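The values are calculated or read from the model by the stated rules, or taken from the named source; none is laboratory data. Please read these numbers as outputs of a predicted model, since none were measured by experiment. Glycine gets a Cβ as well: all are built from the backbone with ideal geometry, and neighbour counts include every protein chain shown. All accessible areas refer to the heavy atoms of the entire protein, side chains included, with ligands and DNA or RNA removed. Shrake-Rupley method; radii C 1.70, N 1.55, O 1.52, S 1.80 Å.
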Amino acid sequence: MSTQTPPRYPFAWTPPMQVPEALRNVHKTSAIEVTLPSGDVATLVTRYKDVRALFADKRLSRNIARPDCARISKDNDLFMDPNIDPDPPEHTRVRSLVTKAFTARRIEALRPYVQQVADQLLDEMAAGPQPVELNEALAFPLPIMVICKLLGVPPEDRDQFRAYVDGFLSVTKLPPEEVGKCRQNLWKYLGDLIDSKRENPGDDLVSELIRVRDDEDDSRLNEHELHFWTQGLLIAGYVTTASQIGTGTAVLLHHPEFVRAIQADWSLVPSTVEELLRTQIMGSSVGTMRYAIDDIPLSDGSVIKKGTSVLLSEEGANMDPEVFDCPFELDIRRKENHHMTFGAGLHYCVGAALARMELQVATESLLRRFPDIRLAAPAEELPRALGGFMEGFTEIPVEW
């Protein structure tokens, strides 16, 4: 490792519509040291081969509630819960129960509803004044309404839980007392929601998880796990997709030649969505923190030493020139785009199919409805949500 002061991570977003410049040279070695917002140092694994392998490596523990593990932030121990064992075999057991409720059939059955919501939001955009702020008009309302439908959250609670989630995901944006209040409020809200679903179950994911919880099978979810996984699905199903819809669309509109190509051939929508996911212009890999419980050799011959705090750089893997041709170029026709944005193996995102479907519906619906849509502000003027788990653009004015 270098004797120089490790660079800060997440890396700075310069220029605004491309992945950070700091990623351009990280593949010379399998890993580099980085300094986190907390001031702690961690090892960032950067090569595709290593990142993919380490997602499944049992020598890397997700149990980061250890006194010698690096902290992402001094004010918010994101996703740390001493009552949850995030490693196999416990993680394997719980994940299998959650995926039983998160079926492909349930997700695909949501497609007409997603299209209906998108059309409704675009109708409201068309009826209002221009320019329109895309985050508030489409990017955030769409996944919020969909996850409400999926989980069985009352529509009138959307704004409330959005505020709780935004606070929960603060890294440096909010003071610790506000972060703590948001976490407590979110936990209480979910408890009340679970109680109401237990009394009046419906055809929704929370009711299905409760049935898993209350089943007589010895492998059932305990009450704390039920709360924890409901919270995780709520957050994962909302904020990451919302940030990707907004910021990914901004990147696409920054390239009007790609917009015209899609409008001439709508079959390009899926590959466009995958390429925008690969370039991942709205977040970093701070949520992949791991702890090495043994020495782990990497592909360049170096070794992650036991006791090291490790981040698996999905964005680094997605820019690996050994895997992707011209990795820093946006190519909406890219073939074999096996990016790592949804993770891999046992830790592959259970909501990937839902996110892909929402992204495809949002992208195609927007470009069909407004064929002349464009950014209403220069790319360099779009502000970012720095200091949060997601660092997408906070304002995306568009016109047509």
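Structure summary
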| quantity | calculated |
| --- | --- |
| Qualifying positions in the range 284-314 - without any contact (Cβ under 8 Å) to a residue 24 or more places away in the chain and either within 19 Å of HIS27 (Cα to Cα) or crowded, with 21+ Cβ neighbours inside 10 Å (or both) | PRO297, GLY301, VAL303 |
| Unmet requirement for TRP229, which otherwise passes all of (1) part of a helix (DSSP H, G or I); (2) closer than 30 Å to PRO327 by Cα; (3) open to solvent by 10 Å² or more (accessible area, probe 1.4 Å) | (2) |
| Number of the exception - ARG162 against (1) of a type outside the set (Asp, Glu); (2) under 20 Å from the mean Cα position of the chain (by Cα); (3) buried (at least 20 other Cβ atoms within 10 Å of the Cβ) | (3) |
| Any chance ALA104 is at pLDDT 65 or above, under 21 Å from the mean Cα position of the chain (by Cα), among the small types (Gly, Ala, Ser) and open to solvent by 60 Å² or more (accessible area, probe 1.4 Å) | yes |
| Failed condition for GLY345, given (1) closer than 14 Å to TYR238 by Cα; (2) surrounded by fewer than 16 Cβ atoms within 10 Å (Cβ to Cβ) | (1) |
| Matching residues, the range 21-43, being without any contact (Cβ under 8 Å) to a residue 12 or more places away in the chain and part of a loop (DSSP other than H, G, I, E, B) | none |
| Out of ALA355, ALA317, sole residue that is open to solvent by less than 40 Å² (accessible area, probe 1.4 Å), at pLDDT 95 or above and either over 30 Å from ILE147 (Cα atoms) or not basic (Lys, Arg) (or both) | ALA317 |
| Candidate set: the range 369-393, residues that are assigned to a helix (DSSP H, G or I) and in contact (Cβ under 8 Å) with a residue 60 or more places away in the chain; chosen: the one least open to solvent (accessible area, probe 1.4 Å) | ALA379 |
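Each row is one residue, and each column tells you yes or no for (1) basic (Lys, Arg); (2) open to solvent by less than 10 Å² (accessible area, probe 1.4 Å); (3) within 26 Å of ARG333 (Cβ to Cβ); (4) touching a residue at least 24 places away in the same chain (Cβ under 8 Å).
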site: GLN184; (1), (2), (3), (4): no, no, no, no
site: ILE194; (1), (2), (3), (4): no, yes, no, yes
site: ASN200; (1), (2), (3), (4): no, no, no, no
site: VAL206; (1), (2), (3), (4): no, yes, no, yes
site: LEU233; (1), (2), (3), (4): no, no, no, yes
site: TYR238; (1), (2), (3), (4): no, yes, no, yes
site: LEU253; (1), (2), (3), (4): no, no, yes, yes
site: ALA264; (1), (2), (3), (4): no, no, yes, no
site: VAL269; (1), (2), (3), (4): no, yes, yes, yes
